[in-house]
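One structure is given below, encoded as structure tokens.
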Amino acid sequence: MSIENLEKMQTKLELITRKWWFFLIFILIQFIPPYTSKGFEISEIGVVTGEVLSHSLVYNFPSFYLIFKILPLILIICIILFKNRVTRIFNIYVVSTYFLFAFLQNIAFTEKYGLAIITINIVMFLLVALFWIWEAAILKNDFSSPTKLSRKYWIIPLAFLSFWYPINPDTMGPDFNILYLLTNEAGLTFCMMTPVYISLLILYYPGINIATLRVTSLVGTIIGFYNILTNFIMFPSLLWWNGILHLPLISISVYGLLISLRKKMIE
């Protein structure tokens, strides 16, 4: 496909992803129910979701946690040093992690429900992965130079907090163990890595793939909203700190969505 045709497709994606009906689709797909091999009542959807997230497949692979902590750090350093020479490698890494987020975080084998799957999360995460696949093909992200950093510095400590994820897995309370930067599951989770990815795009905005930023931020906002509801409204006494650690997800996602919509488009 020629560069001209790729650019035309990119323009169409930027137009489509800001249409009202595109956002309506994301609202409607929220009604896709989870799946369980043993069945469940509609009133148990929240319980099923909690069971999957607390017993998801990602917890079966602790030996990989270190790898998925070190790799993003190396890639970010390489972007700073080598700029656009590593853009495609970074994009491919992001794609691979969204596929992992989709299946490792949203599938679990539980005693009560058997095989349980949060279907909607898989759908949304794979949609994000598709937009990053497109970015890997067209290479719209320009990492040659960050822009207007003075207005964006606030996202850096939030993204760092998200990546660190300083929480005690037993008590769910604060635990600022510096080793968590390399040893916990955050590198394999949507909620902790999405703020990092979006932050990088924001730092180089507007020279990035607007459609990819928009869809990633939209899904991040949706998942962030669910987490705020669960952590602060449904189980505040137990999960308040987990809720605080999800504030980077919703705040950075909302900001990314807003600036992606602020960009002037050719209608």
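Since every read-out is calculated from the coordinates, none of them should be taken as a lab result. Given the structure is predicted, the values throughout are model-derived calculations rather than measurements. When we count neighbours, we look across all protein chains shown, and the Cβ atoms used for this are built from the backbone with ideal geometry, even at glycine.
Sparsely packed loop sites in segment 2-64 (the GluC sites (Glu not before Pro) outside DSSP H, G, I, E and B with at most 13 other Cβ atoms within 10 Å) comprise E41. In terms of surrounding Cβ atoms within a 10 Å radius of their Cβ, W240, W134, W20, W154 rank from fewest to most as W20, W154, W240, W134.
For segment 108-189, the set of GluC sites (Glu not before Pro) satisfying both a DSSP loop assignment and a count of at most 10 other C-beta atoms within 10 Å is given as E111. For the chain, the longest principal axis of the C-alpha atoms and the axis of helix 247-262 are separated by about 30°.
Calculate the spin-label point distance for I27 paired with L139, positioning each point 7 Å from the Cα along the beta-carbon direction, and give it in nanometres. Each label point lies 7 Å from its Cα, and together they span 4.0 nm.
Using Cα pairs under 8 angstrom and six or more residues apart, how large is the relative contact order of segment 31-118, in percent? It rounds to 56 percent for segment 31-118. The ratio of the alpha-carbon radius of gyration of segment 120-267 to the globular-protein estimate 2.2 N^0.38 Å is 1.07. What the Cβ-Cβ distance of L229 and R85 gives, at R0 = 25 Å and to the nearest 0.05, is a FRET efficiency of 0.05.
Roughly what angle does helix 210-228 make with the longest principal axis of the chain, taking Cα atoms, 0 to 90 degrees, to the nearest 10? Taking the Cα atoms of the chain, the angle to 210-228 is about 20 degrees. Per residue, the average separation of C-alpha pairs within less than 8 Å and at least 6 apart gives the chain a relative contact order of 21 percent. Springs join every pair of Cα atoms under 10 Å in this Gaussian network model of the chain, and among I92, I178, I120 the largest mean-square fluctuation is at I178.
Neighbour counts of other Cβ atoms within 10 Å put H246, H55 in the fewest-to-most order H55, H246.
Secondary-structure-derived ellipticity at 222 nm for the chain, considering helices only, amounts to -19500 deg cm²/dmol, per-run term -39500 (n - 2.57) for DSSP H runs with n ≥ 4. Using C-alpha pairs below 8 Å separated by at least 6 residues, the relative contact order for segment 77-224 is 26 percent. Here the chain is scanned for trypsin sites (Lys or Arg not before Pro) in DSSP loops (not H, G, I, E, B) that have at most 14 other Cβ atoms within 10 Å, and the longest stretch holding none of them is 149-262.
Set against the 2.2 N^0.38 Å expectation for a compact globular protein, the chain has a Cα radius of gyration ratio of 1.00.
Between F225, F40, F68, the GNM of the chain built on Cα springs shorter than 10 angstrom shows F40 fluctuating the most. Going by alpha carbons, how many degrees (0 to 90, nearest 10) lie between the helix axis of 119-138 and the longest principal axis of the chain? In the chain, helix 119-138 runs at an angle near 20 degrees to the longest axis.
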